[in-house]
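The values are calculated or read from the model by the stated rules, or taken from the named source; none is laboratory data. Since this is a predicted model, take the numbers as computed values, not measurements. Using ideal geometry, Cβ is built from the backbone for each residue, glycine included, and neighbour counts are taken over all protein chains shown. The accessibility values were calculated without ligands, DNA or RNA, using every heavy atom of the protein model including side chains. Shrake-Rupley method; radii C 1.70, N 1.55, O 1.52, S 1.80 Å.
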Amino acid sequence: MVDTDVLIVGAGPVGLTAAAELRRQGAACRIIDRLPARLPYAKAVGVQPRTLEVWDRMGMVRAALEAAVPMRGQVIYTDGVELARMEMRLPPEVPYAFAALPQYETERIIEEHLARFGTGIERGVELLGFTQDEDGVVSRIVTASGAREELRSRFLVGCDGAHSTVRKKLGLTFEGGAFPEEYMLADVEVDWSLPEGYGVRSLHHDADGRVDDVLVCVPLPGDRRYRMSMLVPPELSTKGESAARGETVHGLEGGRAPRLEHIQAVIDRLSPERATASAMRWSSVFRISHRLVDRYSVGRVFVAGDAAHIHPPTGAQGMNTGIQDACNLAWKLALALDGGAHPRLLDSYDAERRPVGEEVVGRTVRHATGGGVHASKDDRTTVMLREAQLLVAYPDSPLTAADGTNTGAPAHPGPGPGDRAPDCRGLTTGLAMTPLRLYDLLRDRGHVLVLYADSAGALTACQETALTAGRLTGGKVPAFVVAGDAGSAKAGHVPGGANGRHLPVFRDEAGEFGRLYGARGATAFLIRPDGYLAARLARLAAPEAEPALSDALGRVFRL
């Protein structure tokens, strides 16, 4: 007997995202956490534009936009002199900007979204161990009352942080190292006149040119409220305690919490103007490690987030990478549970996400030791897109299909298979009185086949392609047409939809879809639930079009 489809261990942002995406896709899950309540700490505070896109697809971005504040840039000071002012700007077609949101607010938002599916966190429940077989996983847990129970699930997902029980019980390696420095974190108000929405990075160098004092401030919701980090004074040091116990050193540490006077002392030394800190909500000492597991899964058990990768907080990459781990894994688990997945679909989780984790660990270590994000030698647009996590792609994934219909054609200017599917504006229909975004049409859906037609002949090829996709997948992949030319079709519906339904048609009134996607003729874009292109198929009227579509769908679905 199976108690649930998926047991998720850990109710931080990563575990909550996994649960929310599983429930959105129709899978059952339970989520447990050993803590009795959500912690009121602003640990991870940066929310990247790519994460907001993922939340948009999941149908929960509105609450985040209401709670967060914009991150407009960072002012960098060195030895009391303003060195640079980094503007965090993105191309105009990117729908969301950089945001700051305390972790406890992120958890609240996802938890409330999850509750809409009738799923809540089981608090005070700890995982003791587990065993797995070909059909499932038996987990041994202890409840808040102290009772010991066994729980059987089809899959187990460890989102239980840097000290992950799931990772340890799986026997995964967690290679890397630790930084010798210790830091203080504090959530405070400060009465300076620095520009709203800008972070502060202030460094001091000793006589030998080494950094010997640091102040990093990230704006939070509230009146001049910041999450500050700085080096620990000797009297608060917990150095060596965790290492002596043989533990992974990362995150908040035990020991004496910094007081407001400790924070004020650093502000007095490094603030670009005279300022006073007040209204401290919490503070802690923390350490930084950089580690990566050797693999993200063993059998029916998976790890995600800090259980799989830890690294410096430079650029606010950690939580966002974990959230995207969770989304990537959850839609695949849901499809496997539904019985409609390719037998090797779940193997793609490690193939896609472990290289991302490796890149993030390496990059954040380089930034932490080399002067920060602003010191990168790449052009500013590339740096911002990378930090926004908009350059994450899966071109070498086993799920990514080559365009077998595009032989001999010149390279297209738009996204290729494995790339992020960009948003675009200006799509019109006879029913909506204002233009729509592409992401409006993708929201709260699974795989979607987006078809582009710029002539009557191209529209006919798109209709046939939609019918073929519906036949191959049993109607599991809905489709719609973006019409790029007045000669192709009016906005509305044409025959060719799955299950006897008509095929929706939206006009690319502003030409933005055609421009951003480099679309011409009859072209199909298979977009995954996490917003990446699984396939890009051109020349849909060609004889090789149906085999190419079958190959693309067959990498994900059991055809």
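Would you pick out the residues in segment 145-178 that are surrounded by 13 or more Cβ atoms within 10 Å (Cβ to Cβ), within 16 Å of I32 (Cα to Cα) and of a type in the set (A, V, I, L, M)?
Across segment 145-178, the qualifying residues are L151, L156, V157, V166.
Restrict the check to segment 359-373 and report whether at least one residue is open to solvent by less than 30 Å² (accessible area, probe 1.4 Å), in contact with a strand residue (DSSP E or B) (Cβ under 6 Å, 6 or more places away or on another chain) and at pLDDT 95 or above.
For segment 359-373, residues open to solvent by less than 30 Å² (accessible area, probe 1.4 Å), in contact with a strand residue (DSSP E or B) (Cβ under 6 Å, 6 or more places away or on another chain) and at pLDDT 95 or above: absent.
How many of the residues making up segment 293-323 are in contact with a Gly (Cβ under 7 Å, 6 or more places away or on another chain) and surrounded by fewer than 20 Cβ atoms within 10 Å (Cβ to Cβ)?
0
For A115, indicate whether it is farther than 23 Å from R281 by Cβ, in contact (Cβ under 8 Å) with a residue 24 or more places away in the chain, out of contact with any His (no Cβ under 6 Å at 6 or more places or on another chain) and open to solvent by 40 Å² or more (accessible area, probe 1.4 Å).
On the way: farther than 23 Å from R281 by Cβ: yes; in contact (Cβ under 8 Å) with a residue 24 or more places away in the chain: no; out of contact with any His (no Cβ under 6 Å at 6 or more places or on another chain): yes; open to solvent by 40 Å² or more (accessible area, probe 1.4 Å): yes.
When the stated conditions are applied, A115 does not pass them.
Using the structure shown, decide if M280 is part of a helix (DSSP H, G or I), within 30 Å of D223 (Cβ to Cβ) and either small (G, A, S) or open to solvent by 20 Å² or more (accessible area, probe 1.4 Å) (or both).
Criteria not met by M280.
Search segment 2-35 for residues being of a type in the set (A, V, I, L, M, F, W, C) and assigned to a loop (DSSP other than H, G, I, E, B), and hand back the single one that is most open to solvent (accessible area, probe 1.4 Å).
V2
Can you tell me how many residues in segment 424-467 are open to solvent by less than 20 Å² (accessible area, probe 1.4 Å) and either within 18 Å of R520 (Cα to Cα) or out of contact with any Pro (no Cβ under 8 Å at 6 or more places or on another chain) (or both)?
Counting residues in segment 424-467 that are open to solvent by less than 20 Å² (accessible area, probe 1.4 Å) and either within 18 Å of R520 (Cα to Cα) or out of contact with any Pro (no Cβ under 8 Å at 6 or more places or on another chain) (or both) gives 16.
Does V188 satisfy the criteria of being in contact with a Cys (Cβ under 7 Å, 6 or more places away or on another chain) and under 30 Å from Q264 (Cα atoms)?
Spelling it out, it is not the case that V188 is in contact with a Cys (Cβ under 7 Å, 6 or more places away or on another chain) and under 30 Å from Q264 (Cα atoms).
Restricting to segment 46-58, name every residue that is aliphatic (A, V, I, L, M) and out of contact with any Ser or Thr (no Cβ under 9 Å at 6 or more places or on another chain). Break it down stepwise before answering.
Restricting attention to segment 46-58, the residues satisfying the condition of being aliphatic (A, V, I, L, M) are 47, 52, 54, 58.
Hit for segment 46-58 is L52, nothing else.
When you scan segment 523-546, how many residues do you find that are assigned to a strand (DSSP E or B) and within 15 Å of V481 (Cβ to Cβ)?
So the count comes out to 6.
Filter segment 339-358 for residues that are charged (D, E, K, R) and either open to solvent by less than 30 Å² (accessible area, probe 1.4 Å) or touching a Phe, Trp or Tyr at 6+ places or on another chain (Cβ under 9 Å) (or both) and give the result.
D350, E352, R353, R354
Among R62, R38, which is part of a helix (DSSP H, G or I) and either small (G, A, S) or open to solvent by 20 Å² or more (accessible area, probe 1.4 Å) (or both)? So that I can check it myself, show each step before the final result.
On the way: R38 fails: part of a helix (DSSP H, G or I).
When all the criteria are applied, what remains is R62.
Kindly provide the set of residues from segment 545-559 that are farther than 23 Å from L346 by Cβ, surrounded by 15 or more Cβ atoms within 10 Å (Cβ to Cβ) and not hydrophobic (A, V, I, L, M, F, W, C), ordered by number.
E546
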